[in-house]
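The values are calculated or read from the model by the stated rules, or taken from the named source; none is laboratory data. Small disclaimer: the values here were computed from a predicted structure and weren't measured. Virtual Cβ from ideal backbone geometry, glycine too; neighbours counted across all protein chains shown.
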Amino acid sequence: MTDDNRSHPFRHSGQDREAAHKTPDTPQTRSPSYRLAYDDLDFILRDELRPVRLQLELLKPELIMQEQGIESTVVMFGGARIPRPEDAHKAKTKTLGALSHYYDEARKFSRMISERSLGNGNRCKVIVSGGGPGVMEAASRGAADVGAKCIGLNIVLPHEQAPNPWVTPELCFNFHYFAIRKMHFLMRAEAVVVFPGGFGTLDEMFESLTLIQTGRMQRIPMILFGREFWERIVNWEALAEAGTINREDLELFEFVETAAEAVDIIDNWDGRCELNEPGEG
């Protein structure tokens, strides 16, 4: 974020921050009350400032993505524990090892979508994932394979972690709030693709489905890789039979097994929506 487009004559806040750090050392200037509010981390981290932190976490990625020219994305959700095929034998369970072929499909899908994205200047259909390991790593690698940008929306977790090395550095973000992170996943989404995963993947998938089901989000392709996996995890038919969802809600998503199938659904989507202009919604 630069100041090249500033349209006001006022002194820049960064100049005052720098000047404040050179203030003479006195009991008054050492007092926490004297710190500039926006330069006072203890103040910013107060419970009462949560609304401000939420706003900052919404604004920072939004402004950077606007400056990077990102107009639309294809979202890839999936498990961090899905191993690379060459590491399948190291997986904790036999089932997890068997899911490793989805790593290759995720990478292939990302590569195919990213090739289309390069055709429009890498502004539309930019791959976005959580930026971590597993399926997220495969998503980033697929984009990097063809020299395309990709977005990583990481989040601070109790265990040590870092973004995978294939995320475009200028589009790699870190979040404190899960809710704001999920909002950024969907704000520019042209399609949502879900690979096998755990609690986090389920949370992201069901929030996306709920937003579409309730009309809070325009309908877009919602594609689930691995029918056998998802039908073992979720008894979709039981939900419809019980009446807790409408049977037509089962039409909000499609199952696929290969990257080619998923890309074909996106390429031939006849319910294509016009994304909101920046600032709407």
### Message
Pairs needed: first member in the stretch 128-139, under 18 Å from G97 (Cβ atoms); second member anywhere, crowded, with 24+ Cβ neighbours inside 10 Å and of a type in the set (A, V, I, L, M, F, W, C); C-beta distance under 7 Å; at least 6 residues apart or different chains.
### Response
G134/I82; V135/M76; V135/I82; V135/A106; V135/F195; A138/A106
## Note on the structure
If you go through R107, R116, the only one that is under 17 Å from the mean Cα position of the chain (by Cα) and under 30 Å from T258 (Cα atoms) is R107
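Here is a yes/no grid of residues against (1) under 16 Å from the mean Cα position of the chain (by Cα); (2) modelled with pLDDT under 95:
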{"position": "K94", "(1), (2)": "no, yes"}
{"position": "L99", "(1), (2)": "no, no"}
{"position": "V135", "(1), (2)": "yes, no"}
{"position": "A143", "(1), (2)": "yes, no"}
{"position": "Q161", "(1), (2)": "no, yes"}
{"position": "V192", "(1), (2)": "yes, no"}
### Task
Could you run through the stretch 98-115 and say how many residues are in a helix (DSSP H, G or I), free of Cβ contacts under 8 Å to residues at least 24 places away in the same chain and buried (at least 17 other Cβ atoms within 10 Å of the Cβ)?
0
### Task
For the stretch 212-255, name all the residues that are surrounded by 12 or more Cβ atoms within 10 Å (Cβ to Cβ) and of a type in the set (G, A, S).
G226, A240
### Task
Kindly indicate which of S129, S114 is out of contact with any Lys or Arg (no Cβ under 6 Å at 6 or more places or on another chain) and more than 22 Å from F175 (Cβ to Cβ).
S114
### Residues satisfying the stated conditions in the stretch 65-88, i.e. within 14 Å of the chain's Cα centre (by Cα) and part of a helix (DSSP H, G or I)
M65
### Query
Out of all the residues in the stretch 77-90, is one or more over 30 Å from L118 (Cα atoms), of a type outside the set (S, T, N, Q) and either in contact (Cβ under 8 Å) with a residue 12 or more places away in the chain or surrounded by 16 or more Cβ atoms within 10 Å (Cβ to Cβ) (or both)?
yes
### Query
Out of the stretch 11-53, which residues are closer than 18 Å to H176 by Cα and either β-branched (V, I, T) or loosely packed, with under 10 Cβ neighbours inside 10 Å (or both)?
L41, D42, I44, D47, E48, P51, V52
#### Entry: Candidates K60, K22 - the one that is under 30 Å from V193 (Cα atoms) and either part of a loop (DSSP other than H, G, I, E, B) or not hydrophobic (A, V, I, L, M, F, W, C) (or both)
K60
